[in-house]
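Notes follow the structure.
Values in this text are rule-based calculations from the coordinates and carry no lab data. Here the structure is a predicted model, which means the values were calculated and not measured. Using ideal geometry, Cβ is built from the backbone for each residue, glycine included, and neighbour counts are taken over all protein chains shown.
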Amino acid sequence: MTKSPINPMKRHGAFSWNELMTTDIEGAKSFYNQLLDWKLEPSPMDMPYTIASVDGQQVAGLMTTPPEAAGMPAHWGGFVTVDNVDSSAKQAEFLGGKILLEPRDIPNLGRFCVIADPQGAPLSLITYFDQCE
C-alpha cells in the first residue's frame, strides 16, 4: 500500500491556516460572508468555532476571543506547520523569541503553540496529528 503524498499546506514551514479572534463573531461572519462569499459552517469542536470555505476548500476559522486573550483587539492570525511543535517552540526561545502560549493539543486536529519572534510579532505554530500518518 502506497502512502499518499502529504498535503503541501502540512509541510514544515508552510502557512496552513488563518484564524480570526473577535468579540463580535456574528458581525464578523456577516461581514466576511457578504464580502468574500464564504460558506460558513459550525465546526464540531469542543467550543463554538466557524469554518469558512471557498469552493469546498476550508480556508479559515472564526472564533470568539477566549477569556485568556480578553482585551486584545480583533485580529487575524496565521498558523505555520512544523514537524514538531514542542521542539519548534524551544528552538524559537533559543533563537531569541518567546513562547506566548505553551504547546497544547487541539482535540482531533493537532498540537499548537503561539510564539513571538525577537521583534515581538506573534505567530502560531502547529503540528497536525495526521502529518505522521
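Structure summary
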{"read-out": "Residue 7-residue 43 FRET efficiency (beta carbon distance; Förster radius 30 Å; 0.05 resolution)", "value": "0.95"}
{"read-out": "Calculated from backbone phi, Karplus (6.51, -1.76, 1.60) coupling profile of region 46-60 in Hz, x at Gly/Pro", "value": "6, 9, x, 8, 10, 9, 9, 10, 10, 6, x, 9, 5, 10, 6"}
{"read-out": "Label selected from [x] 305; [y] 130; [z] 105, the criterion being volume of the Cα convex hull per residue in Å³ as computed here", "value": "[y]"}
{"read-out": "Only Lys, Arg (+1) and Asp, Glu (-1) charged, at Cβ; the chain dipole about Cα centre in debye", "value": "280"}
{"read-out": "Shape category assigned to region 14-74 from the gyration tensor of Cα positions, a/c cut at 1.5", "value": "prolate"}
